[in-house]
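Notes follow the structure.
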Amino acid sequence: MQTGPAIRLEAMVDILKAAAEPSRLRILALLSRTDLTVSDLTEILGQSQPRVSRHLKLLLDAGLIARHQEGSWALFRLSEEEAAREFVDGVVARIDPMDPASDRDFERLEAIRQRRQERAAEYFDKNAASWDQIRSLHVPDAAVEAGLKELVGEGRIQSMVDLGTGTGRLLELFAPLYRRGVGIDRSREMLAVARANLERAGVTNAQVRLGDVYAPPVERDMHDLVTIHLVLHYLDDPAAAIREAARLLRPGGRLLIVDFAPHSHEFLREEHAHLRLGFADRQMLDWFAEADLEISNIRGFAPKGEAAEGLTVKVWLARDRRILVAGGDAETQAHEEIA
Ligand SMILES: C[S@@+](CC[C@H](N)C(=O)[O-])C[C@H]1O[C@@H](n2cnc3c(N)ncnc32)[C@H](O)[C@@H]1O
């Protein structure tokens, strides 16, 4: 019985040849967990860079993986092409994760992820007090915030969750709309600033909690609005964060993501702990589809004149696909068209 799209015989032989080698299978298994650079893979596999590059080229030529350039980094990921992806998923799922080679690879992968996340955490702990000021260096805040309010609309929101809330800015922005707001962040220093800001702004219907966006400490399936504002580019696995965020939504609930369009400002990586240099719409749409969300709106806010450093802020608004119960609330307002 055929379950997915068919692959031509010759292409199948190329695919099988490309995958039928221990290092390349290990690479596929690693990329099924996250996007990686050549130097990540070199470190994990314990092989020379030219050797790893050769393996990657064979996998690329067979269409099993894709290469994505972000500034000076080339990131490798599994192909999004359906037939290739199904093939890789099927093969990888059958590799025993307790196999000593896989086990060691995943341990090293974890160490790399840990190191990246620690770097970002250190950055936020250090910059908590001045974050709002740093933020305004590269984001035309007022324009974006006005755009966000317009996109979200004025309908009453029962419950909002802001993932990676930082100084609590979005909780403050939407406080007049929601009944209950929760902000999650894994930096205690950021949370301390958020608490002070919310108090100063007289916001009494929100609280902030220590927690990770990969496992947010809030109930699932019950929030009208989940926001991820300028957080994804610090994350090692944005797709996983989107999946987690989607799980928090009630049927028909909305996920609002704000981040940068693809750019090449390498200094943000070096000086500001960014892991990703922006996100393409295509990438975001794929992640939404994987998380069972449908896109309702995309907007871009390009910097004007010589202001900012050429970073375009993008807003992606998506919606949980499950049908709302008849007679729902303000959230039933018409879907906006994709801009
Ligand atoms: C750039 S700040 C943005 C803060 C806020 N959303 C805003 O736009 O002002 C990113 C925030 O994400 C938090 N963060 C990064 N990785 C996280 C994770 N894995 N779990 C929870 N918070 C995280 C950081 O501590 C930081 O406060």
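The values are calculated or read from the model by the stated rules, or taken from the named source; none is laboratory data. These numbers were taken from a predicted model, which means no experiment stands behind them. Reconstructed Cβ throughout: ideal geometry from the backbone, glycine too, with neighbour counts over all protein chains shown.
Looking across Val161, Val182, Val193, one residue alone is near the ligand (Cβ under 10 Å from one of its atoms) and β-branched (Val, Ile, Thr). It is Val193. Just to be sure, is Ala101 surrounded by 12 or more Cβ atoms within 10 Å (Cβ to Cβ) and within 30 Å of Leu30 (Cα to Cα)? For Ala101, the condition - surrounded by 12 or more Cβ atoms within 10 Å (Cβ to Cβ) and within 30 Å of Leu30 (Cα to Cα) - is met. Which members of the stretch 57-72 meet the condition of being over 15 Å from Leu31 (Cβ atoms) and in a strand (DSSP E or B)? Once the filter is applied, which keeps residues that are over 15 Å from Leu31 (Cβ atoms) and in a strand (DSSP E or B), the stretch 57-72 yields Gln69, Glu70. In the stretch 215-251, what residues are on the phi > 0 side of the Ramachandran plot and either of a type in the set (A, V, I, L, M) or touching a helix residue (DSSP H, G or I) at 6+ places or on another chain (Cβ under 6 Å) (or both)? The answer is Leu230, and nothing else. Number of residues in the stretch 147-174 that are closer than 13 Å to Val258 by Cα and aliphatic (A, V, I, L, M): the value is 5. With respect to Gly166, determine if the residue is surrounded by 15 or more Cβ atoms within 10 Å (Cβ to Cβ), under 16 Å from Val203 (Cα atoms) and at pLDDT below 95. So Gly166 fits the description; yes. The residues of the stretch 258-302 that are touching a residue at least 60 places away in the same chain (Cβ under 8 Å) and on the phi > 0 side of the Ramachandran plot, listed by number, are Ala273, Gly278.
One residue stands out among those in the stretch 198-214 that are near the ligand (Cβ under 9 Å from one of its atoms) and not in a loop (DSSP other than H, G, I, E, B): the one that is nearest to Ser187 (Cα to Cα), which is Leu210.
Counting only helices (runs of 4 or more DSSP H) that fall entirely inside the stretch 115-190 and contain at least 3 residues that are farther than 25 Å from His223 by Cβ, the qualifying elements are 131-138. Of all residues being within 11 Å of the chain's Cα centre (by Cα) and assigned to a strand (DSSP E or B) in the stretch 221-248, which is nearest to the ligand (Cβ to nearest atom)? Just the residue, please. So the residue we want is His229. The numbered conditions (1) over 30 Å from Ser264 (Cα atoms); (2) of a type in the set (S, T, N, Q); (3) within 15 Å of the ligand (Cβ to nearest atom) are all true for Gln114 except (1). Within the stretch 8-56, take every residue that is basic (Lys, Arg) and in a helix (DSSP H, G or I) and give me the one that is surrounded by the most Cβ atoms within 10 Å (Cβ to Cβ). Top of the filtered list is Arg26.
Of (1) over 22 Å from the mean Cα position of the chain (by Cα); (2) free of Cβ contacts under 8 Å to residues at least 24 places away in the same chain; (3) within 14 Å of the ligand (Cβ to nearest atom), Ala129 satisfies all except one. Which? The number of the failed condition is (2).
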